[in-house]
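Worksheet: the structure to be examined is printed underneath.
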Amino acid sequence: AQTVTQSQPEMSVQEAETVTLSCTYDTSESDYYLFWYKQPPSRQMILVIRQEAYKQQNATENRFSVNFQKAAKSFSLKISDSQLGDAAMYFCAYSFTGNQFYFGTGTSLTVIP
Amino acid sequence: GAGVSQTPSNKVTEKGKYVELRCDPISGHTALYWYRQSLGQGPEFLIYFQGTGAADDSGLPNDRFFAVRPEGSVSTLKIQRTERGDSAVYLCASSLGGGKNTGELFFGEGSRLTVL
């Protein structure tokens, strides 16, 4: 069974500092996709970053980057130069078929001015 | 439309009533998903449509839940004999679809259902 675990219910970071959100997952597949989604109070979830498991290079999108450790089944998100607008719930997600996405329970990120 | 539109934004109903939640996906997106998000939890998969057909409905919790997408665009999630445990935010998402979807899901803002 595929499961996604986010062990940090809440995190906080000072504005302009760096924070890392953790995610682990369980799968027996070798080729799959991992995602980080952001959910602000408006409830609309937005894709932050995507990683394909067969790619060894970690994905990067501006201030957002991942540390993908396939053997350890770990997929952490690093946010650099944190901004007030980064405050939100962050969900890690896994997909093998591309049809069904499995989400973690989320990490609530607070950015302190 | 420009984005995924869900109506109503909020719905309060009484236990035992029938509820319909509507989702209008992004134009041209053939794949449509329904998720349920309970307080403090991540989205939980309910059903996935590819075109007009339900390609995977394994997440529907029981036979009180049903979803349709008759013309391959707008979808309606129907809940019969609502129970207090059905209270949650129901999220709809769409994507380009077609085979293995490696792309992102585009979510609506959700419909918050409260069953009294």
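The values are calculated or read from the model by the stated rules, or taken from the named source; none is laboratory data. Because the structure is predicted, anything quoted here is derived from the model rather than measured. Cβ: placed from backbone, ideal geometry, glycine included. Neighbour counts: every protein chain shown.
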Practice item. Keeping to the range A:59-91, report how many residues are part of a loop (DSSP other than H, G, I, E, B) and in contact with a Cys (Cβ under 7 Å, 6 or more places away or on another chain). Key: 0
**Study point:** Qualifying residues in the range B:22-42 (those that are within 12 Å of chain A (Cβ to nearest Cβ) and under 11 Å from the mean Cα position of the chain (by Cα)) - the one nearest to B:Ser94 (Cα to Cα)
**Key:** B:Leu32
Exercise for review: Could you grab me the full set of residues in the range A:77-106 that are more than 10 Å from chain B (Cβ to nearest Cβ) and out of contact with any Gly (no Cβ under 9 Å at 6 or more places or on another chain)?
Suggested key: A:Leu77, A:Lys78, A:Ile79, A:Ser80, A:Asp81, A:Ser82, A:Gln83, A:Leu84, A:Gly85, A:Asp86, A:Ala87, A:Ala88
Study note, to complete from the structure: Across the range A:44-58, the tally of residues that are outside any loop (DSSP other than H, G, I, E, B), crowded, with 16+ Cβ neighbours inside 10 Å and among the aliphatic types (A, V, I, L, M) stands at 3
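Condition check: in contact with a Phe, Trp or Tyr (Cβ under 7 Å, 6 or more places away or on another chain), modelled with pLDDT of 95 or more and crowded, with 17+ Cβ neighbours inside 10 Å. Does A:Phe68 satisfy that?
In short, yes.
To keep it simple, each residue is scored yes or no on (1) free of Cβ contacts under 8 Å to residues at least 24 places away in the same chain; (2) of a type in the set (Ser, Thr, Tyr); (3) outside any loop (DSSP other than H, G, I, E, B).
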| position | (1), (2), (3) |
| --- | --- |
| B:Phe49 | no, no, yes |
| B:Ser58 | yes, yes, no |
| B:Asp63 | yes, no, no |
| B:Phe66 | yes, no, yes |
| B:Gly72 | no, no, no |
| B:Arg81 | no, no, no |
| B:Val89 | no, no, yes |
Review point. So, in the range A:13-35, of the ones that are over 14 Å from the mean Cα position of the chain (by Cα) and of a type in the set (S, T, N, Q), which residue ends up modelled with the lowest pLDDT?
Key: A:Ser30
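Given the criterion of a type in the set (D, E, K, R), closer than 26 Å to A:Leu84 by Cβ and modelled with pLDDT of 90 or more, identify the matching residue among A:Arg43, A:Arg50.
Testing whether each residue is of a type in the set (D, E, K, R), closer than 26 Å to A:Leu84 by Cβ and modelled with pLDDT of 90 or more leaves just A:Arg50.
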Review point. If the Cβ limit is 7 Å and pairs must be 6+ apart or interchain, which residue in the range B:99-111 that is more than 9 Å from B:Ser5 (Cα to Cα) and part of a loop (DSSP other than H, G, I, E, B) pairs with which residue that is at pLDDT below 95 and basic (Lys, Arg)?
Key: B:Glu104/A:Arg50
